[in-house]
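Following: one structure in structure tokens, then a few remarks.
The values are calculated or read from the model by the stated rules, or taken from the named source; none is laboratory data. Computed from a predicted model, the values in this text were never measured in an experiment. Note: accessible area is taken over every heavy atom of the protein model, side chains too, but ligands, DNA and RNA are not part of it. Shrake-Rupley method; radii C 1.70, N 1.55, O 1.52, S 1.80 Å.
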Amino acid sequence: MLTPDQFFPFLLAAIVLTASPGPDNLMVLGMGMSKGRRQGIAFGLGCAFGCLSHTVLAVVGVSALIAASPTAFTVLKVAGGLYLIKLGWGAWRHAGAVNVAAAGIPGESPARLFWKGCLANAINPKVVLFFLSFLPQFVVAAQGDVGWQLAALGVTFTLQAAVLFGLLGYFAGAIGQWLANRPGAGKVLDRVAGTVFIALGLKLIVSR
């Protein structure tokens, strides 16, 4: 499996990359602030565990096929962007849902948001290419079992991302709860989160 010389440098690099500002961080932050602490944590954990799908792709070599095929990459990129836009449009349509839920109308469950986070991460082609280029840098071919090394690295990345995104969702939710006591704050936060999702989706579609 992984040696200490592999594991600790990889873990440090993974933490730095995960903590750096990026689309996943913004999505988790927006969800936590607009929907609440539990929902932010659930969505953050979903985004983290969505990395397992990219780990599987890296292990079996499908990521290499996607990277080598402009058509496959374009289709996956457009699909990922459209899904983020769909999430953003939903947030705009249901702006203020946190306040409505307090009156007895339930919002989306943490379980549903967890799976939304998984899907949002799993269909992001940038993460596919990231795993394809990042994980092999810490594989030592001379140790054998390259597939198992890739799997261990992918699981390590997923677990540290779950911790960081969970904390981000927790504290973003706390901020959201504080702001939700102000009139109209829930609607504003929903629209801010929706705008972030839509902007990220458009950026994903038009980027090269």
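Per-structure values
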{"item": "Per residue Cα convex hull volume in Å³ - calculated over the range 1-54", "result": "94"}
{"item": "Solvent exposure, largest accessible area first (probe 1.4 Å, DNA, RNA and ligands not counted), of Trp148, Trp92", "result": "Trp148, Trp92"}
{"item": "Full-stretch length increase - Lys126, Leu26 - with 0.36 nm per residue and alpha-carbon distance subtracted", "result": "34.4 nm"}
